[in-house]
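Peer 1: To start, I am sharing the structure in question, which I have written as structure tokens.
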Amino acid sequence: MVNQEYYNLGTAPSVIRALFAYGLEQTAKLGADKVYDYSLGNPSIPAPKKVNESIVDIVNNVDSIALHGYSMAPGFEPARKAVADDLAARFGLEVKPSELFFTCGAAPALISIIKALTVNSDSEIMAIAPFFPEYRPFVIANGAKFVMVPPDTEAFQIKLDAVEALITPNTQAIIVNSPNNPSGVVYTEETLKGLAALLERKSAEYGHPIYIIADEPYRELVYGGVTVPFIPCIYKNTIVCYSYSKSLSLPGERIGYVYVPGFAEDSAAVFAAIAGAARIMGHVCPPTLMQKVIEYCATERPDLVAYDENRELLYNSLIEMGYECAKPDGAFYLFVKAPNGDANAFSEKAKLEHNLLVVPADGFGCPGFFRCSYCVANDMIRRSLPAFKAMIESYK
């Protein structure tokens, strides 16, 4: 016998992974130039030069036993200090190393926060559609109730009236992902201030803090001079979850952190609960080598020229063809309205007729849309445009 809930999660099909696997099969059969794979959000720009140089320097100059040994559970002090200093310099806050807890990427960070804030079986965690599909199992599998805020399918900001209608005395937190996966939209300062005012009012009404869980793996991926508001500067009861997978193109190295500001309500208790959650999951002592890399590279930023070129090419081309989508200001996704309103049918037709792989957004909480990950070769985008054209023409 096995745990049925986990069995169901382990055997549930992932649309994204299934499309990616199909793309690999078709590539092997037909060649890479015949497959147009927009399924996976896997960074396609190299890590900053300093990252690789630092790895070489660390391997050559740091004692091997220390380099491959355990760190303290929340991470090495020098790495935490490097990140704290960078955040403080950028956002004008006093950030202490002791407020940071290093994790093996963003997923363990999110799960640790969710576990820490789930006080009983009535606890509710909210997420704003469209959202990263894993939020739902992260919340449910850790004992809380998942509450979906319906999407704003025009501007893809936050429908504050919908948030207010769904908040209850059991609401513990709301997950805010900006720049957003899958829409690429950045929530404006006006939107976030409105959300902060609402949560402050509701926290006072219910007698306990309602936290924002700021999921920020795409914080550095923005274009055209757009600024991503740092939510702790707007709402004190914010817990930040961060990963270097996208910003430093290190998804396979599994390194990120949780930041619990000292000025957040019950911050010491929240931090301790996050540490306890990480402990029972076994997600403590992130890779020592990667912590050293972050110590050296905390101030590094990605070169986004290639992503920006892809963004402009794909967005402008699809709009010219007649597709509808919000222009993304960040991340590396384009979120497109299916011409027939049925994104699953569109995705299947595109796959079978053109080897054009796009992800239907039902799992993101936004049926009728599909996601294109444009962290791909620019040449692939150009080769795929006739397929997009043929698809929309087939619905006219």
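The values are calculated or read from the model by the stated rules, or taken from the named source; none is laboratory data. Treat the numbers as computed from the prediction; the structure is a model and nothing was measured. Glycine also receives a Cβ, built like all others from the backbone with ideal geometry; neighbour counts cover every protein chain displayed.
Peer 1: Please name all residue pairs, on different chains or six or more residues apart, with Cβ atoms under 8 Å, provided the first residue is in segment 67-88 and is over 17 Å from Ser112 (Cβ atoms) and the second residue is of a type in the set (A, V, I, L, M) and surrounded by fewer than 16 Cβ atoms within 10 Å (Cβ to Cβ).
Peer 2: Leu67/Val59
Peer 1: Mind listing whichever residues of segment 201-247 are touching a Pro at 6+ places or on another chain (Cβ under 7 Å) and under 20 Å from Ala298 (Cα atoms)?
Peer 2: Tyr218, Glu220, Leu221, Val222, Val228, Pro232, Val240, Tyr242, Ser243, Ser245, Lys246, Ser247 - these are the residues of segment 201-247 that are touching a Pro at 6+ places or on another chain (Cβ under 7 Å) and under 20 Å from Ala298 (Cα atoms).
Peer 1: Among the residues of segment 345-396, write down those that are in a loop (DSSP other than H, G, I, E, B), hydrophobic (A, V, I, L, M, F, W, C), in contact with a strand residue (DSSP E or B) (Cβ under 7 Å, 6 or more places away or on another chain) and more than 17 Å from Asp33 (Cα to Cα).
Peer 2: Within segment 345-396, Ala361 is the sole residue that qualifies.
Peer 1: Contact list please: Cβ distance under 8 Å, first residue in segment 30-51 and among the aromatic types (Phe, Trp, Tyr), second residue part of a helix (DSSP H, G or I), pairs at least six apart or on different chains.
Peer 2: Pairs that qualify, where the first residue is among the aromatic types (Phe, Trp, Tyr) and the partner is part of a helix (DSSP H, G or I), are Tyr36/His354; Tyr36/Met380; Tyr36/Arg383; Tyr36/Ser384; Tyr36/Ala387; Tyr38/Ser384.
Peer 1: Still on this structure, please answer the following. Would segment 256-264 turn up any residue that is touching a Gly at 6+ places or on another chain (Cβ under 8 Å) and closer than 15 Å to Phe102 by Cβ?
Peer 2: Yes, because at least one residue in segment 256-264 is touching a Gly at 6+ places or on another chain (Cβ under 8 Å) and closer than 15 Å to Phe102 by Cβ.
Peer 1: How many residues are at pLDDT 95 or above and surrounded by 21 or more Cβ atoms within 10 Å (Cβ to Cβ) when one looks only at segment 279-290?
Peer 2: 1
Peer 1: Next question. Can you say whether Phe138 is without any contact (Cβ under 8 Å) to a residue 60 or more places away in the chain and surrounded by fewer than 21 Cβ atoms within 10 Å (Cβ to Cβ), as far as the supplied structure shows?
Peer 2: no
Peer 1: Turning to a different aspect of this structure: For the list (1) among the polar types (S, T, N, Q); (2) closer than 24 Å to Ile58 by Cα; (3) free of Cβ contacts under 8 Å to residues at least 60 places away in the same chain; (4) surrounded by fewer than 19 Cβ atoms within 10 Å (Cβ to Cβ), I need the number of the one condition that Ser247 fails.
Peer 2: (4)
Peer 1: Just a yes or no: is a residue in segment 115-127 out of contact with any strand residue (DSSP E or B) (no Cβ under 9 Å at 6 or more places or on another chain), buried (at least 16 other Cβ atoms within 10 Å of the Cβ) and either modelled with pLDDT of 95 or more or in the same structural domain as Leu334 (by TED's automatic domain parsing) (or both)?
Peer 2: The answer is yes; a qualifying residue exists.
Peer 1: Check off (1) assigned to a loop (DSSP other than H, G, I, E, B); (2) on the phi < 0 side of the Ramachandran plot; (3) of a type outside the set (Val, Ile, Thr) for Gly341 and give me the number that stays unchecked.
Peer 2: (2)
Peer 1: List the number of the failed condition for Ala12; all other conditions in (1) in the same structural domain as Ser247 (by TED's automatic domain parsing); (2) small (Gly, Ala, Ser); (3) on the phi < 0 side of the Ramachandran plot hold.
Peer 2: (1)
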